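J.: Have a look at this one before I ask anything.
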Amino acid sequence: MREKQIDKLKDYKYGFTTDIENIRAPKGLNKEVIEFISKAKKEPKWMLDWRMKAFERLKNLKEPNWQKPKYPKIDYQDIYYYSAPKSASETPKSIDELDPKLLETYKKLGIPLQEQQRLNGIAVDAVFDSVSVATTFKDKLNEVGVIFCSISEAIQKHPEIVKKYLGSVIPLTDHYFATLNSAVFTDGSFVYIPPGVKCPMELSTYFRINASQTGQFERTLIIADKGSYVSYLEGCTAPMRDENQLHAANVELVALDNAEIKYSTVQNWYPGDENGKGGIYNFVTKRGLCKGTNSKISWTQVETGSAITWKYPSCVLQGDNSIGEFYSIAITNNYQKADTGTKMIHLGKNTKSKIISKGISAGFSDMTYRGLVDISSKAKNSRNYTQCDSLLMGNKCGAHTVPYIKNKNPESNIAHEATTSKISEEQLHYCQQRGLNPEEAVGLIVNGFCKEVLQQLPMEFAVEAQKLVGISLEGSVG
Amino acid sequence: MEEQLKIDFEKLLENSNFSKKNAEIKRKNFDNFIEKGFPNRREENWKFSDLNQIISKNIKNLSFYNDLSKPNKIDQSIYIDGLEHNKIVFVNGRIEKIEFDYEEKNKIEILDDLVLEKSNNTTNSLLFLNNAFVSKYFKLIIKKNYSLQKPLVIYNITNKDLVSKNINLKVDIFLEENSSLKLIEFSNDKSTTNFININYNFNVQKNSILKNYKIDNNSNSNIKYCFNNISQDANSVSEIFLLSSGSEFIKNEINCNLNGKYSSAFVNGVFILNETKHHEIKTNINHIVENTKSYQLIKGVLEDTSKAVYQGKIFVDSKAQKTDGYQLSKAILLNDNTEFNAKPELEIYADDVKCSHGSASGSLNEDSIFYLMSRGLNYKEAKKLLINGFLLDVVEKITDSEIKNLIKNIMSLKQ
């Protein structure tokens, strides 16, 4: 029974590689490579200057080392910073012109573009390695004035917006990985919602690391202008490889007056095999700025993959009455490690934030919730509520909670709660008595444990996420 | 400062007759301290309280050598009234009196001039400083099956003669099997701008009970650090209460290892701060074996521009199944410029445990004030009543009724 389960685990659903010729920049991190990237993307000069500024700054920065999961030193000169499918160098005009093999890959991933275009009503901006190869539903979005394209396209077509907002939430000088991304980012999504527009559909991106030894450095910028609304979905997978790959993305959100952004992630990068070999290092910087009054940013994440997940989707609540929310499920199994959480920085008056985090660790894994709630002295009448619960399966794994709570305002209220527990024998017994096998029982209980967060996901994702929760925990009981 | 340190260290070696081995260990600790210096905010442990900055801001020309050859006068008026107790009195870092009038003499042993142990796997630079400069190292042993009749009060007094000095104290307290000790540490400072660095090591053997009450209530401009290391054997109990109120800066650090089954630790603390005071409590409760229990309750009331920090950590080893760990911190902020920072941390490696923590901070409940005022109290009285009730919750956790009353009196909480 056990062996069978392990065999099953080996079978990472998305563990195929696609045989497509790639254009790669030479290995290593230097001026030439950055110039190469910028040239390949036909970027204007100001963009190259910006990258160079980040690169200069990078030389003086050190990798942070306060995180719980430690990793072997990354050789930044041994990474390909740019890799694009050859067929994409001449941009296809419609989906039908795409490399059929590429389309096949997406089909395996479960996002057949044409299908989706017809049936689902979701606009997909698929990122294959580093270049965005196809963007669907453009017409419908154009109608209402929503700009949804790759960031490289936006740099060329909408430079004034990009110039204004790029780096406004995550500055060039923020920290090592963010700065690295600023210097070498290759592609990503760009969304602009004009004033008063409610985006007619859920926007979605699918990232996928294909070529070996490449890092993926995408950059996403979402701007919701006054009174607009957008919901954005992001899903990630990567093929199985023995070596560790680095993924250092930057995501910036800006919400102006009365605008709302909902950002959902289902992250299922390759977690490494059952002995902890290989897997993705997911070191992502995600930050949202509630710039206007009454604005709202909500992060929802389901983190089941990656060898090491190290990210803190954050909200800077600058506008008065703005709201930040963070809902997270993080599951680690085998030798996976996660150090994730959020930061809620209250600057404006009457700002509110809510954090619900559910961590589940099994096998030999290690899970840390790390979060910051910072209420500044000007943020009068602010509120924060934090709840972080952990579930442990077995005594070889770890679950840790490290909240940082700073309150400088007497008119504000902060409440924090955390619990750590295991699945009780009674619950398991009850479910099994009703005819579920142990694994189904655990799946059911865990899904119940996570329900508060799963409810936040859009329908299509919620179903996938629920399945993922089950798959991730396979082999952890018995 | 480095130069001053070197001069003072040589002076210390010259004027004291340390054994060769002891001097060697001291020098090693000294070198370690020189290398690391005072901790700053880059260290996770000192993230909210940058000691290096605090010292350089508050103390000018800090010197480290302390001439202990001449006895100091004890100001008897500061003795605790209305409580029969045994005494150990330190004045300006020099031990002046040891008095166990209420106890059987052969049940208590006091060793002074202990030699430092070599193996000291710490990275805490303040312990290096302490080891390097401490001139006498005491050990108090409570013999098997003996419970002290009366509480022991360790007075830590400084007088006006002491200015801009660093004082280091190191005391080991060893409770043999089945023994019990009630210990009050009472500090009274009339000195200004000194850095006082205290290191207690408690060893609580099987079935023993340690009750430790630390009272820092009288207002002074000293900077203090107190490191308490507690290791507990099976069935032992430790109860710690901290009244953190008087000094300009104080950080109480408690590292408690629950090494024996059914051992338990209780840490309760109160911050009452005003003006520019900045206090911190840091706890580290390590559940090493099965069936251990810990409970922490910290409350604070902050006024003016004061700042309080609570960093609490519960660590549960993978062997420590059936652990019960609880942690709660609450603060009331009375002014716009006060600050409360908390980092309640859990690090858990065992699955069959019950661990939870909570933290809350905010202002006084306006509804409660309104209710009291509608019953005829004025605003000030209503506020006072609510604050007292808030703090009383912690004081009521004290298990010794005599000492509980004493502390209530000190805090001027009415019965």
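The values are calculated or read from the model by the stated rules, or taken from the named source; none is laboratory data. Quantities reported herein were computed from a predicted structural model and do not represent experimental measurements. With ideal geometry, Cβ positions are generated from the backbone for all residues, glycine too; neighbour counts draw on all protein chains shown. Quick note on the areas: whole protein, heavy atoms, side chains included, nothing else; ligands and nucleic acids left out. Shrake-Rupley method; radii C 1.70, N 1.55, O 1.52, S 1.80 Å.
J.: What are the residues in the range A:144-163 that are open to solvent by less than 10 Å² (accessible area, probe 1.4 Å) and in a helix (DSSP H, G or I), if any?
T.: Listed by number, the residues that qualify are A:I151, A:A154, A:I155, A:V162.
J.: Examine the range A:371-379 for a residue that is away from chain B (no Cβ under 12 Å) and more than 25 Å from A:K451 (Cα to Cα), and state whether such a residue exists.
T.: Checking the range A:371-379: not a single residue is away from chain B (no Cβ under 12 Å) and more than 25 Å from A:K451 (Cα to Cα).
J.: Conditions first: (1) surrounded by fewer than 24 Cβ atoms within 10 Å (Cβ to Cβ); (2) within 22 Å of A:G235 (Cα to Cα). A:F364 passes all but one, so which condition is the exception?
T.: Unmet condition: (2).
J.: If I filter the range B:295-317 for residues that are within 22 Å of B:I184 (Cβ to Cβ) and free of Cβ contacts under 8 Å to residues at least 40 places away in the same chain, do I get at least one hit?
T.: yes
J.: Among (1) touching a Lys or Arg at 6+ places or on another chain (Cβ under 7 Å); (2) surrounded by fewer than 17 Cβ atoms within 10 Å (Cβ to Cβ), there is one condition B:L364 misses while meeting the rest; what is its number?
T.: Here B:L364 meets the rest and fails (2).
J.: Read through the list (1) more than 12 Å from chain A (Cβ to nearest Cβ); (2) β-branched (V, I, T); (3) under 20 Å from the mean Cα position of the chain (by Cα), then give the number of the only condition that B:I314 fails.
T.: Only one criterion is unmet by B:I314, namely (1).
J.: Kindly establish whether A:I414 is within 12 Å of chain B (Cβ to nearest Cβ) and either modelled with pLDDT of 90 or more or under 21 Å from the mean Cα position of the chain (by Cα) (or both).
T.: no
J.: Also, I was wondering about something else. Hey, can you tell me all the residues within the range B:190-214 that are of a type in the set (V, I, T), open to solvent by less than 30 Å² (accessible area, probe 1.4 Å) and under 23 Å from B:L126 (Cβ atoms)?
T.: Matches in the range B:190-214: B:I196, B:I198.
J.: A follow-up question, please. Name the residues in the range A:417-432 that are charged (D, E, K, R) and more than 7 Å from every other protein chain (Cβ to nearest Cβ), would you?
T.: A:E425, A:E426
J.: Continuing with this model, one more query. Across the range A:269-283, what is the number of residues that are surrounded by fewer than 24 Cβ atoms within 10 Å (Cβ to Cβ) and either over 19 Å from the mean Cα position of the chain (by Cα) or not in a loop (DSSP other than H, G, I, E, B) (or both)?
T.: 7
J.: Can you pull out the residues in the range B:339-375 that are of a type in the set (S, T, Y) and within 17 Å of A:R383 (Cα to Cα)?
T.: The answer is B:S359, B:S361, B:S363.
J.: Given the residues B:S359, B:S401, which is the only one that is open to solvent by 30 Å² or more (accessible area, probe 1.4 Å) and either of a type outside the set (A, V, I, L, M, F, W, C) or at the interface with another protein chain (Cβ under 7 Å from one of its Cβ atoms) (or both)?
T.: Exactly one residue qualifies, and that residue is B:S401.
J.: Moving on. Is it true that A:G435 is more than 7 Å from chain B (Cβ to nearest Cβ) and of a type in the set (G, A, S)?
T.: Here the answer is yes, as A:G435 does meet what is asked.
J.: Could we say that B:V309 is modelled with pLDDT of 90 or more and more than 21 Å from A:C388 (Cβ to Cβ) here?
T.: Taking the combined requirement at face value, the residue does not satisfy it.
J.: Strands (runs of 3 or more DSSP E) wholly in the range A:367-458 with at least 2 residues that are open to solvent by 30 Å² or more (accessible area, probe 1.4 Å) - which ones?
T.: Because the criterion is at least 2 residues that are open to solvent by 30 Å² or more (accessible area, probe 1.4 Å), the strands (runs of 3 or more DSSP E) in the range A:367-458 that meet it are A:383-392, A:413-422.
J.: Take the conditions under 27 Å from B:S208 (Cβ atoms) and within 8 Å of chain A (Cβ to nearest Cβ) and apply them to B:A350. Does it pass?
T.: yes
J.: Would you be able to tell me the number of residues in the range A:333-359 that are of a type in the set (A, V, I, L, M) and open to solvent by less than 10 Å² (accessible area, probe 1.4 Å)?
T.: The number of residues fulfilling the criteria is 4.
J.: How many residues are out of contact with any strand residue (DSSP E or B) (no Cβ under 9 Å at 6 or more places or on another chain) and either of a type in the set (V, I, T) or under 22 Å from B:I167 (Cα atoms) (or both) if we restrict to the range B:70-103?
T.: Adding up the residues that qualify gives 2.
J.: Hey, another quick one. Would you confirm whether or not the range B:369-390 contains a residue that is over 23 Å from B:S238 (Cβ atoms), at the interface with chain A (Cβ under 8 Å from one of its Cβ atoms) and open to solvent by 30 Å² or more (accessible area, probe 1.4 Å)?
T.: No, the range B:369-390 contains no residue that is over 23 Å from B:S238 (Cβ atoms), at the interface with chain A (Cβ under 8 Å from one of its Cβ atoms) and open to solvent by 30 Å² or more (accessible area, probe 1.4 Å).
J.: What is the residue count in the range B:223-232 for residues that are open to solvent by 10 Å² or more (accessible area, probe 1.4 Å) and touching a residue at least 40 places away in the same chain (Cβ under 8 Å)?
T.: 1
J.: Pick from B:S238, B:S187: which is assigned to a strand (DSSP E or B) and open to solvent by 10 Å² or more (accessible area, probe 1.4 Å)?
T.: Checking each option against the conditions leaves just B:S187.
J.: Enumerate the pairs (first residue in the range B:91-107 and farther than 17 Å from B:D189 by Cβ; second residue anywhere and among the hydroxyl-bearing types (S, T, Y) and open to solvent by less than 60 Å² (accessible area, probe 1.4 Å)) with beta-carbon separation below 7 Å, excluding pairs fewer than 6 apart on the same chain, so at least 6 apart or on different chains.
T.: B:K107/B:Y146
J.: Restricting attention to the range A:164-189, and to residues there that are β-branched (V, I, T) and in a loop (DSSP other than H, G, I, E, B), which single residue is surrounded by the most Cβ atoms within 10 Å (Cβ to Cβ)?
T.: The residue in question is A:T186.
J.: On to the next question. Does the range B:321-336 hold any residues that are under 18 Å from B:K383 (Cβ atoms) and either among the hydroxyl-bearing types (S, T, Y) or more than 7 Å from chain A (Cβ to nearest Cβ) (or both), and which are they?
T.: B:K330, B:A331, B:I332
J.: Turning to a different aspect of this structure: Quick one: in the range A:380-402, of everything that is within 23 Å of the chain's Cα centre (by Cα) and of a type in the set (S, T, N, Q), which residue is nearest to the other protein chains (Cβ to nearest Cβ)?
T.: Looking at residues that are within 23 Å of the chain's Cα centre (by Cα) and of a type in the set (S, T, N, Q), I get A:T401.
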